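Asks: Mind looking over this structure? Questions follow.
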Amino acid sequence: MVQVTREFVHHCLPVRKRDGHKGTFGKVHILAGSVGLTGAAALTAAAAVRTGSGLVSLSVPPEIWPVLAVKCQEAMPAPVARFEILLENMNQCNGVLIGPGLGRSRKTDVRTCHLVERLQTPLVLDADGINAVAEHIDVLDTRRGRLTVLTPHDGEFLRLSQGKAIGPDREAAALAFARQHGCVLVLKGHRTITAFPDGETFENTTGNPGMAKGGSGDVLAGMILSLLGQGIPPKKAVPSAVWLHGAAGDLAAASFGEYGMTPSDLLQNIPAAIQGAMSFPVD
């Protein structure tokens with residue numbers, strides 16, 4: 001298992017091209033949010049922007065679009081389009097994220113599963129995106145050969161694995177699932193494990209208990225999407241996003257303490273975490 005450190009991340013993050021433009025740095029699309037869960041959509045979109053995405057589109061239910069239009073300054077929120085238009089728009093992007101704050105309904109779950117089956121672009125599933133496929137796990141198998149990243153915490157993983165307990169060996173549990181379904185599995189928690197279907201695993205070395213608050217996972221999902229959308233290879237992008245997320249949390253804890261820090265504080269510290277990794281002295 002690879003230990004993800006500052007040095008590892010230093011070698012994974014490319015220097016941005018001097019002649020680059022917003023199209024150079026990835027166009028990503030997020031499907032998120034529902035009544036009462038507007039913060040999840042806003043945090044996810046802001047995290048993608050903070051992590052360097054060139055263009056961030058956010059599709060939300062029409063009834064909460066006015067709220068997100070006020071919350072989002074850099075990302076571009078819009079009411080969810082009808083399915084075929086949404087699918088076309090997503091397939092024109094460099095990466096797609098489905099799930100933060102999306103809510104649960106039969107209509108939402110069916111739409112999510114149909115998107116999972118038909119999307120050609122790299123896909124990240126988080127929160128209710130995970131819950132939707134947990135009851136239709138076979139849809140993951142239709143994406144073999146297309147990059148799919150799932151970011152469950154222990155409870156969501158329990159649903160994904162049809163109630164099978166994780167057990168004491170988290171690495172083995174994550175790896176077994178990744179191999180079985182041909183996906184990348186980010187099993188969140190203390191020393192988050194990232195498992196790839198070819199058998200390679202990564203263990204994170206950053207983070208603290210102050211991050212155990214609603215919204216922190218939304219920030220992580222947006223960060224993973226952003227690095228993938230910028231074209232960074234998955235084995236560099238996903239473990240690096242997890243490390244940077246924890247590093248931003250450690251910086252927030254240093255400023256506000258583990259009790260008082262918030263997911264919004266993670267957002268504010270993403271740039272410093274990235275700068276710290278990129279300026280790391282390597283012999």
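The values are calculated or read from the model by the stated rules, or taken from the named source; none is laboratory data. What you are looking at is a predicted structure, and each value in this text was computed from that prediction instead of being measured. We place every Cβ from the backbone using ideal geometry, glycine too, and count neighbours over all the protein chains shown. What goes into the accessible areas is simple: the full protein's heavy atoms, side chains included, and nothing from ligands, DNA or RNA. Shrake-Rupley method; radii C 1.70, N 1.55, O 1.52, S 1.80 Å.
Asks: Quick check on my filter: what residues within the stretch 1-54 are touching a strand residue (DSSP E or B) at 6+ places or on another chain (Cβ under 9 Å), charged (D, E, K, R) and either at pLDDT below 95 or in a loop (DSSP other than H, G, I, E, B) (or both)?
Replies: 22
Asks: Evaluate the following for residue 209: is it within 30 Å of residue 57 (Cβ to Cβ) and open to solvent by 10 Å² or more (accessible area, probe 1.4 Å)? Spell out how you get there, then give the answer.
Replies: On the way: within 30 Å of residue 57 (Cβ to Cβ): no; open to solvent by 10 Å² or more (accessible area, probe 1.4 Å): yes.
For residue 209, the condition - within 30 Å of residue 57 (Cβ to Cβ) and open to solvent by 10 Å² or more (accessible area, probe 1.4 Å) - is not met.
Asks: If you go through the stretch 3-16 one residue at a time, do you hit one that is in contact with a Pro (Cβ under 9 Å, 6 or more places away or on another chain), closer than 26 Å to residue 216 by Cβ and among the aromatic types (Phe, Trp, Tyr)?
Replies: Yes, the conditions are met somewhere in the stretch 3-16.
Asks: Next up: List pairs: first residue in the stretch 76-91 and under 15 Å from residue 120 (Cβ atoms), second residue among the β-branched types (Val, Ile, Thr) anywhere in the structure, Cβ distance under 7 angstrom, at least six positions apart or on different chains.
Replies: Sorted first by the residue in the stretch 76-91, then by its partner, the pairs are 86/80; 90/96; 90/121; 91/121.
Asks: Moving to a separate point now. Mind checking which residues of the stretch 12-54 are exposed (fewer than 14 other Cβ atoms within 10 Å of the Cβ) and either out of contact with any helix residue (DSSP H, G or I) (no Cβ under 9 Å at 6 or more places or on another chain) or not aliphatic (A, V, I, L, M) (or both)? Quick ask: steps written out before the conclusion?
Replies: Step one: of the stretch 12-54, the residues exposed (fewer than 14 other Cβ atoms within 10 Å of the Cβ) are 14-24, 35-36.
If the condition is that a residue be exposed (fewer than 14 other Cβ atoms within 10 Å of the Cβ) and either out of contact with any helix residue (DSSP H, G or I) (no Cβ under 9 Å at 6 or more places or on another chain) or not aliphatic (A, V, I, L, M) (or both), then 14, 16, 17, 18, 19, 20, 21, 22, 23, 24, 36 are the ones that fit.
Asks: Restricting attention to the stretch 74-115, which residues are part of a strand (DSSP E or B) and open to solvent by 50 Å² or more (accessible area, probe 1.4 Å)? Walk me through it before giving the result.
Replies: From the stretch 74-115, those part of a strand (DSSP E or B) are 76-79, 95-98; that's our starting set.
Once the filter is applied, which keeps residues that are part of a strand (DSSP E or B) and open to solvent by 50 Å² or more (accessible area, probe 1.4 Å), the stretch 74-115 yields 76, 79.
Asks: Let me spell it out: the conditions are (1) touching a Leu at 6+ places or on another chain (Cβ under 7 Å); (2) in a strand (DSSP E or B), and residue 202 meets all of them except one. Which number is the exception?
Replies: Every listed condition holds for residue 202 apart from (1).
Asks: Of all residues in the stretch 250-283 being hydroxyl-bearing (Ser, Thr, Tyr), assigned to a helix (DSSP H, G or I) and touching a residue at least 24 places away in the same chain (Cβ under 8 Å), which is surrounded by the most Cβ atoms within 10 Å (Cβ to Cβ)?
Replies: The first filter runs over the stretch 250-283 and keeps only residues hydroxyl-bearing (Ser, Thr, Tyr), leaving 255, 259, 262, 264, 279.
From the residues that got through so far, the ones that are assigned to a helix (DSSP H, G or I) too are 255, 259, 264.
Add one more test, that the residue is touching a residue at least 24 places away in the same chain (Cβ under 8 Å), and what stays is 259, 264.
Working: 259: 8, 264: 15.
Per the stated criteria, the residue is 264.
Asks: So which residues in the stretch 144-193 are over 18 Å from residue 216 (Cβ atoms), open to solvent by less than 50 Å² (accessible area, probe 1.4 Å) and of a type in the set (Lys, Arg)?
Replies: The one that is over 18 Å from residue 216 (Cβ atoms), open to solvent by less than 50 Å² (accessible area, probe 1.4 Å) and of a type in the set (Lys, Arg): 146.
Asks: I'm checking my understanding of the structure. Among residues of the stretch 122-143 that are touching a residue at least 60 places away in the same chain (Cβ under 8 Å) and in a loop (DSSP other than H, G, I, E, B), which one is most open to solvent (accessible area, probe 1.4 Å)?
Replies: 122
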